[in-house]
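Trainee: Okay, here's the structure, questions in a sec.
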């Protein structure tokens, strides 16, 4: 506990944060106790001789032996039979399927909206070794869809949070926490330790990187994506099927890559796709059923429609999995995926544009000053109408960028009104969420009759940070 | 020729946010068949209301767009040269990356 809280000089925010931190720690300790109790309960002489190693890896069990004491030489232990009884009752799955599952290892890349149900289901159903990789922290605005995380873990590692939740559901499986971003530099090392890989990431460069890595290491890849009210799902590089690059040899233009943090996502949509990813991972790991290889599933939540279509096969020209491909592990490690896709390996960072000269820009603090001095002006908010409804600076006028061109007369009229009240020439300012669209608008306005229009640098995010701390951010 | 066109994965935003379009497209004058190449050019001039570069590149779709003809990847049916028939269903899907 820091000195500020000890000596009573802390704000209530600090105290709340400290309580949250301690609650999180308490939960982790409780999870550990639970885990130890479960271990104690099933402790036998046999288990003692199979003490699992503590390194962050999923070692392959030697041939004809089983891991972790989950499985006895001939079959399932009594407590396992009880735990997984509803699986064992399935004629198509049965003891064989469960034994395969218990011997399998799956890596889940990303502990977000997709990764949440994937990790929870794979842990609860008894995947022998489950690895989770992510370098992100839990944020409050994640919780509506990333159902594996709880409030106590806000501000903490997603991997720690996800692993604790999985342990709480099933303390008998091995969980490996990879608290780092999966990158070309570490991917071969991490992925090589698993049988099946689940892509539950949120960005384009990671998708290419994970697919390439799986091709190089010969791992099947369960790929899911969700945005807005739609989801997509397929299995790559399995049973002779295509890899991600066979389908998308050239990355899309950056402008076509929408992100959940810009476009929004209905919480249950990644949940649906994540559940289906868990299902495909189980099918691939146990060789039960017909995996979604060579086919892709499209989910449209708004119309409650699922479409499954037949995809092209593996491309003989594919630069990674094609007949004459010369893409080596060395090439992979040196490949710049961010540069290849022209987009960052994270959904968090957003590009900062510099489109207009300094003279056509104003800081949010300076704008606040002239606002307080009641300088006659018009503030145009160029965000889409549904953004404007979330929160807006009082007095601002909403003219979305997409219809700005046809609304110049509205701006003229507003300026005239603002000028009349004070008898002075009114100035024109433009704001948006982060300060990119406002520059696009100013660029247009400057060359279409409003040469004095200025954009507010950093948009409403900067307003919330530097001027009005109570202004809601989203 | 009556066709059903569907736009998904955000491509609907380029056509007034309407996902499903029932359209009537005739082959070019002097031709008796309608190819996917002809359909793309028809869509570009008749349905796409903004940012055409988000839909087409050259005479094909931009990278990252999957095209399905009657629930089959168009790469399996001739891509641009695929010949369309009455009541065909053509779907254009932009690949998603979010999660």
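Read-outs throughout are calculated quantities, based only on the coordinates presented, and are distinct from any laboratory measurement. Note that the coordinates shown come from a computational prediction; the quantities given were computed from them, not determined experimentally. Every residue, glycine as well, gets a Cβ built from its backbone with ideal geometry; the counts of neighbours run over all protein chains shown.
Trainee: So for segment A:194-297: antiparallel DSSP bridges make up what percent, rounded to the nearest 5?
Mentor: If I count the DSSP bridges inside segment A:194-297, around 65 percent turn out antiparallel.
Trainee: Hey, another quick one. Semi-axes, largest first, in whole Å: what does sqrt of 5 times each Cα gyration tensor eigenvalue give for segment A:98-139?
Mentor: 22, 10, 6
Trainee: Report the FRET efficiency, 1/(1 + (r/R0)^6), for residue A:78 and residue A:15, where r is their Cβ-Cβ distance and R0 is 45 Å, rounded to 0.05.
Mentor: 0.40
Trainee: Could you work out how far helix A:437-446 tilts from the main Cα principal axis of chain A, as a 0 to 90 degree angle to the nearest 10?
Mentor: Here the helix axis deviates by roughly 30 degrees.
Trainee: Another one. For the protein assembly as shown, give the share of DSSP beta bridges that are antiparallel, in percent and rounded to the nearest 5; count only bridges with both residues there.
Mentor: 50 percent
Trainee: Across peptide B:6-16, how many C-beta atoms of other chains are within 10 Å of each residue C-beta, on average?
Mentor: Per residue, the average neighbour count from other chains is 3.
Trainee: Using the number of other C-beta atoms within 10 angstrom as an exposure proxy, rank A:332, B:7 with the fewest first.
Mentor: A:332, B:7
Trainee: Okay, next question. Kindly put A:452, B:74 in sequence by how many other C-beta atoms sit within 10 Å of each C-beta, fewest to most.
Mentor: Ascending Cβ contact count within 10 Å gives the list A:452, B:74.
Trainee: OK, next. Classify segment A:351-474 as rounded, prolate or oblate, taking a ≥ b ≥ c as the square roots of the eigenvalues of its Cα gyration tensor: rounded when a/c is under 1.5, otherwise prolate if a/b is larger than b/c and oblate if not.
Mentor: It comes out rounded by the Cα gyration axes.
Trainee: Test of understanding: in a Gaussian network model of chain B with alpha carbons linked when under 10 Å, which of B:50, B:31, B:86 would top the mean-square fluctuation ranking?
Mentor: In the Gaussian network model the winner is B:31.
Trainee: Return the Cα extents of segment A:93-204 along principal axes one, two and three, sorted largest first, each rounded to a whole Å.
Mentor: 41, 31, 21
Trainee: For segment A:261-350, how big is the tail of P(r) above 20 Å, as a whole percent of Cα pairs?
Mentor: Distances greater than 20 Å cover 63 percent of the Cα pairs.
Trainee: With n ≥ 4 as the cut-off for DSSP H runs, can you work out [θ] at 222 nm for chain A, using -39500 (n - 2.57) per run divided by the number of residues, rounded to the nearest 500?
Mentor: One gets -11000 deg cm²/dmol as the mean residue ellipticity at 222 nm.
Trainee: Could you check the spin-label model distance between residue A:250 and residue A:359? Points 7 Å from the Cα along Cα→Cβ, value in nm.
Mentor: 4.0 nm
Trainee: To continue, here is another question. If R₀ is 25 angstrom, what is the calculated FRET efficiency for the pair residue A:124 and residue A:25, using the beta carbon separation as r and rounding to 0.05?
Mentor: E(calc), rounded to 0.05, equals 0.55.
Trainee: Moving to a separate point now. Shielding by partners for A:154-161, please: the mean number of other protein chain Cβ atoms within 10 Å of each residue's Cβ.
Mentor: 0
Trainee: Order A:109-117, A:385-393, A:434-442 from most to least packed using the mean count of other Cβ atoms within 10 Å.
Mentor: The densest-packed peptide leads the list: A:109-117, A:434-442, A:385-393.
Trainee: How shielded is A:223-229 by partner chains, expressed as the average number of their Cβ atoms within 10 Å of its Cβ atoms?
Mentor: Per-residue shielding by partner chains comes out at 4.
Trainee: OK, next. So how far, in whole Å, is the C-alpha centre of segment A:284-339 from the one of segment A:171-215?
Mentor: Cα centres, segment A:284-339 to segment A:171-215: 15 Å.
Trainee: Shifting gears a bit: Using only alpha-carbon positions, what ratio does the radius of gyration of chain A give when scaled by 2.2 N^0.38 Å?
Mentor: So the Cα radius of gyration is 1.18 times the expected 2.2 N^0.38 Å.
Trainee: If you count the DSSP beta bridges with both ends in chain B, what percent of them are antiparallel, to the nearest 5?
Mentor: If we restrict to bridges inside chain B, about 75 percent are antiparallel.
Trainee: Can I ask one more? So how do A:137, A:345 line up by other beta-carbon neighbours within 10 Å, fewest first?
Mentor: In increasing order of surrounding Cβ atoms, one gets A:137, A:345.
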